[in-house]
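Following: one structure in structure tokens, then a few remarks.
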Amino acid sequence: MRTYLLKVPTYKPGKPVEELQRELGLKKVSKLASNENPFPPAPKVVKAISHAAKRVNRYPEGSVFYLRERLSNMLGLDPGQLVFGNGSDELIFFAVRSLVGPGDEVLTATPTFLMYKIAAMVEGIRIREIPMKDFRYDLMAIRAAITDHTKLIFIANPNNPTGSYVTKDELDCFMNNLPEHVVVFFDEAYYEFAREKEDYPDILRSVNSGRQVLVARTFSKYYGLAGLRIGYAFGRKDLIDLMARVREPFNVNLIAQEAALAALDSEAYYEKIFKIVSKEKMILERELSRLGMEFIPSVTNFVLIHIGPQSQELVDWLLHQGVIVRHMKAWGLPEYIRVTIGKPEENKWFLRLLKKWLKENGR
């Protein structure tokens, strides 16, 4: 037995709506805990799913050929520079498994996406976490921490759970003369929410220049396909080839492949949702400011909010009212909660309950 696995923390997803309904007998439940798209997929996506369902007696196309061709054309990359995963989570495991060996180490920040630490620990690899500075990646501190044993650096951009991002200038400074033995993995799960920022990095430029860079994106967030689990990574061909060699056959199911293609054909639909989410986030942050609440300004579809020592009490109270938010203890932020932007009526409900709780607790 690999007894060291007993030390690996278990990732605990946000409580499902159905589970809370069963536990408390609630009819109305709003899940604002898992950074999901609150709206259903585009009509074209639903149609593609229905059509694909008739063919699930067959294995999926193993090379993800059509989606590979579509994305390689969109990104201007060779098809061999892409690898696909069961969500971007699996791609993180691919990177650690294929690029890091005994005696090597992984670097990342804290607090950030928990799967970087979990993936390294599962493979028995040492991971070092560099504290953030003002809830942002401290790239210079990460760079200073690089040793001869450092092989892989994870950077979530934008970052979960803070909602902050690394700018173009910061990234250029970090990447300049980076040691050749280091691969930088940029997790852009929330890329579509931040891509319009003028100072957001053009990571394709680093890929095209031949740097040791990997980039992961997902259809879970912006495109609302979280339940189908499909993501992709791109980068230098030799790095992608190594990741593809640890990929299990048929790891991306048939329905997910068809849904992703249809989602890319439905940009107008998702752009409309993006505008709604952006407006609702602005309203939430404005109301939090009026309440005197501390929060981290976000470029994503969620907001990190400081509650204080009573944060767990608030999370539990909200659960009993039917609203699921995420407590941040697992990220080392026991006084914070993370709230996903939901539909307008869900966000109003959360704010009403928050105001009620604050009043009842003399705040």
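If the cut-off is 13 Å between C-alpha atoms, which aspartates and glutamates fall inside it for Lys117, apart from same-chain ones fewer than 8 positions away? Qualifying aspartates and glutamates at Cα under 13 Å: Asp89, Glu105, Glu129. One chain, two ends: Leu178 and Arg286. Fully extended at 0.36 nm per residue, the span grows by 34.9 nm beyond their Cα-Cα distance. Need the list of aspartates and glutamates near Lys355 for cross-linking: C-alpha distance under 18 angstrom, and skip anything on the same chain fewer than eight residues off. Hits, sequence-local ones excluded: Glu280, Glu285, Glu287, Glu294, Glu313, Asp316, Glu335, Glu345, Glu346.
Taking 32 Å as the limit for the C-alpha separation, the pairs Lys47/Lys275; Lys7/Lys237; Lys151/Lys197 exceed it in the case of Lys7/Lys237.
Say we join alpha carbon atoms closer than 10 Å with springs in a Gaussian network model of the chain; which of Gln321, Gln21, Gln312 then has the biggest fluctuation? So, out of Gln321, Gln21, Gln312, the one fluctuating most is Gln21.
As a length-normalised measure over Cα pairs under 8 Å and 6 or more apart, the relative contact order of the chain settles at 24 percent. Extents of the stretch 116-236, largest first, come to 40, 36, 32 Å (Cα atoms, principal axes, whole angstrom). Under the simplified labelling scheme, the Met1-Arg58 pair shows an inter-label distance of 4.5 nm, with each label point 7 Å from Cα along Cα→Cβ. Extension gain for the segment Val8 to Lys28, taken as residue separation times 0.36 nm less the Cα-Cα distance, is 3.7 nm to one decimal. Using 0.36 nm per residue and subtracting the Cα-Cα separation, the extra length available between Glu19 and Lys133 on full extension is 37.4 nm.
Placing a label point 7 Å from the Cα of Ser50 along the Cα-to-Cβ direction, the residues of the stretch 260-294 whose backbone N falls under 19 Å from that point are 260-266, 269.
For Gln312 and Leu351, what is the calculated FRET efficiency with R₀ set at 30 Å and r taken between the beta-carbons, to the nearest 0.05? Computed FRET efficiency for Gln312 and Leu351: 0.90. Only Lys, Arg, Asp and Glu carry charge here, each on its Cβ (+1 for the first two, -1 for the last two); on that basis the chain has a dipole of about 1080 debye about its Cα centre.
With all pairs of separate Cα atoms included, the stretch 43-264 yields a Kirkwood hydrodynamic radius of 17.8 Å.
With the simple model of a label 7 Å out from the Cα in the direction of the Cβ, Glu267 to Leu358 spans 4.0 nm. Site-free segments of the chain were taken between GluC sites (Glu not before Pro) in DSSP loops having at most 10 other Cβ atoms within 10 Å, sites themselves excluded; the longest one is 1-179.
Since every read-out is calculated from the coordinates, none of them should be taken as a lab result. Every value quoted in this text rests on a predicted model; they were computed, and no experiment measured them. Positions of Cβ are backbone-derived with ideal geometry, glycine not excepted, and every protein chain shown enters the neighbour counts.
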